[in-house]
1. Collect the residues in region 117-152 that are outside any strand (DSSP E or B), modelled with pLDDT of 95 or more and under 21 Å from L347 (Cβ atoms), keeping them in residue-number order.
2. Are there any strands (runs of 3 or more DSSP E) wholly within region 280-337 with 1 or more residues that are closer than 30 Å to Y250 by Cβ, and if so which?
3. Can you pull out the residues in region 80-116 that are in a loop (DSSP other than H, G, I, E, B) and modelled with pLDDT of 90 or more?
4. Got a sec? Which of G172, G123, G130 is more than 10 Å from the ligand (Cβ to nearest atom), within 12 Å of G309 (Cβ to Cβ) and of a type in the set (G, A, S)?
5. For region 182-261, which helices (runs of 4 or more DSSP H) that fit wholly inside it have 2 or more residues that are within 16 Å of the ligand (Cβ to nearest atom) and buried (at least 18 other Cβ atoms within 10 Å of the Cβ)?
6. Checking V398 against (1) β-branched (V, I, T); (2) in contact (Cβ under 8 Å) with a residue 12 or more places away in the chain; (3) in a helix (DSSP H, G or I), only one condition comes out false. Which one?
7. Can you name the condition, by its number, that I87 falls short on among (1) exposed (fewer than 14 other Cβ atoms within 10 Å of the Cβ); (2) in contact with a helix residue (DSSP H, G or I) (Cβ under 7 Å, 6 or more places away or on another chain); (3) under 17 Å from M52 (Cα atoms)?
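The values are calculated or read from the model by the stated rules, or taken from the named source; none is laboratory data. Since we're looking at a predicted model, the values are computed, not measured. Here Cβ is always computed from backbone atoms with ideal geometry, including for glycine, and neighbour counts include all displayed protein chains.
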Amino acid sequence: MIGPKEVLQQLWTSPQLHQEDTIRAGAGLCEPEAVKFLVENAPAAIQSLLEMGVEFDSHTGKLAMTLEAAHSRPRVLHAADTTGRAIISVLTAKVLERPNIQVLSQAFALNLWLNRSTGHCQGISLLYQGKISWIAARAVILATGGGGQVFAQTTNPTVSTGDGVAIAFRGGALLRDLEFVQFHPTALSKPGAPRFLISEAVRGEGAHLVDEKGHRFAFDYHPAGELAPRDVVSRAIFNHLQKTANTCVYLDLRPIPAQRISYRFPNIIQVCQQWGINVFQERIPVTPAAHYWMGGILTDTANRTSIPGLYAIGETASTGVHGANRLASNSLLECLVYAAQFSQIELLEYPHLTAPPRERKEQETANLDHEIEQILALRQQLPTLMWQSAGICRHQGVLEQAIAQVSSWRSQLAEFTVTHYLNKLVKFTYINYSHEELRICAETLNLVDVAYLILRSAAFRTESRGGHYRTDYPKTDPHWQCHTVVNNNNLHMAWAL
Ligand SMILES: Cc1cc2nc3c(=O)[nH]c(=O)nc-3n(C[C@H](O)[C@H](O)[C@H](O)COP(=O)(O)OP(=O)(O)OC[C@H]3O[C@@H](n4cnc5c(N)ncnc54)[C@H](O)[C@@H]3O)c2cc1C
């Protein structure tokens, strides 16, 4: 049993180095205050997880720590290779135990309810059990995760459709650094299989990244080879695949002792087995995929957005911790450290609620089949367009063509009755569509907004930095050592906020 004092001592060994690694990975765009806040509060956040019962791996009475890309020392805690699951299952059980928390399972957030006179956020509209309603709240916290589904190749789950960013955008909140997307170098590449993530820790433990011929090509692109920052390794793979005209490269786990593979990566072994790959005997085919969105809703260290009463946390937020490129494993830590701030939330008083926007029209029923069909088709086309135009390598001309296409889709969708319905501009006495169908429509509308914002931000930043690489501007430009801020439909360069 590891005592709390030993844990804190162990975790406190390197906040300064952790800060330096985070800032180095962030390529000049980390907010120093946000990073300092992260690293200094990390030990206490981890300690509270241990106290709640999360079981991280340990070795000879100490927490086991692994090395991941761009970390100067092993410091990443893990629970085999399902760390997120280990944390979430404990936290979910805690939430369900609390009688003062009401969980509306499968409820889907649609739009902010803003006070027309003060601009405060006073609630949200929800799609719940197929119906749309307004819920008043003294504080609204957007915690909707990333937006990887906007790209055809992604490690993200299907729910990662960037909803928080789209909701905040429609409400007029400031957004930041949306062009910065981290492409993970090693997602499983097997026909029919999802882009299952083969964790960085595999390379940290000694796996080799090789091409068809067994050559460790990553060293041809960067002296740190397969342990270079993610964007460098992803681009190395992208360029190497173009050069060699192959469709994937390989991760070879065989340099790691078999016993160590079994102990550290049971989930990877199992998933690969499902797809016919025995990791002890053969190499895993991999390609890069969109993994983490550094940009998001602009927040401060108390998770406040630019709209009073509206907060954001996790991947949907831009706290300034990740800059232009996230240091591996800082995202779960950011969720924990920043979420703890909600214990000190200052609840805003609102004298009285202004009425939610009223439906302008009332109709008996609607036939939305044709619109829903078009939306489903768009859901397929959009991610391919985004992967080709705003993926690992970007170029002005290609970005502009994509902006024109996505703008035309947005205008078309804005006229749809289903859009008016989801935005509560029109009401039906009876609606013949399931919760699921309406949710997919709402997510697709969000994805189109998210695509538009990423494309515009990527076209705006005429340099390469962190997760944003431009073939027409391959160098980092000191004039661009600033954030991109979206304010309604306008983009600005912002040095300090
Ligand atoms: C495969 C994979 C492995 C990763 N491994 C690591 C790792 O080892 N270490 C690390 O630090 N980070 C890792 N990350 C990144 C990290 O998991 C995410 O950044 C983190 O989970 C984000 O947490 P979140 O709470 O912001 O969002 P999520 O965990 O994505 O949760 C968002 C929730 O919001 C819900 N939601 C979305 N839209 C709506 C809506 N409109 N209405 C209502 N609910 C909505 C979703 O259903 C979901 O439940 C990994 C990511 C992936 C995809």
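1. Listed by number, the list holds a single entry, A143.
2. Values: elements: 284-293, 296-298, 310-312.
The qualifying strands (runs of 3 or more DSSP E) are 284-293.
3. Narrowing region 80-116 to residues in a loop (DSSP other than H, G, I, E, B): 80-82, 98-107, 115-116.
R98, P99, N100, I101, Q102, V103, L104, S105, Q106, A107, N115 - these are the residues of region 80-116 that are in a loop (DSSP other than H, G, I, E, B) and modelled with pLDDT of 90 or more.
4. Details: G172 fails: within 12 Å of G309 (Cβ to Cβ); G130 fails: within 12 Å of G309 (Cβ to Cβ).
Sole residue among the options that is more than 10 Å from the ligand (Cβ to nearest atom), within 12 Å of G309 (Cβ to Cβ) and of a type in the set (G, A, S): G123.
5. Numbers: elements: 200-204, 218-221, 230-244.
Where helices (runs of 4 or more DSSP H) fall fully within region 182-261 and carry at least 2 residues being within 16 Å of the ligand (Cβ to nearest atom) and buried (at least 18 other Cβ atoms within 10 Å of the Cβ), they are 200-204, 230-244.
6. (2)
7. I87 satisfies all of (1) exposed (fewer than 14 other Cβ atoms within 10 Å of the Cβ); (2) in contact with a helix residue (DSSP H, G or I) (Cβ under 7 Å, 6 or more places away or on another chain); (3) under 17 Å from M52 (Cα atoms) except (1).
So that you can scan it fast, the table gives a plain yes or no per residue for (1) in a loop (DSSP other than H, G, I, E, B); (2) buried (at least 20 other Cβ atoms within 10 Å of the Cβ); (3) out of contact with any Phe, Trp or Tyr (no Cβ under 6 Å at 6 or more places or on another chain):
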residue: Y433; (1), (2), (3): yes, no, yes
residue: N446; (1), (2), (3): no, yes, yes
residue: L455; (1), (2), (3): no, yes, yes
residue: E463; (1), (2), (3): yes, no, no
residue: P474; (1), (2), (3): yes, no, yes
residue: H479; (1), (2), (3): no, no, yes
residue: M493; (1), (2), (3): no, no, yes
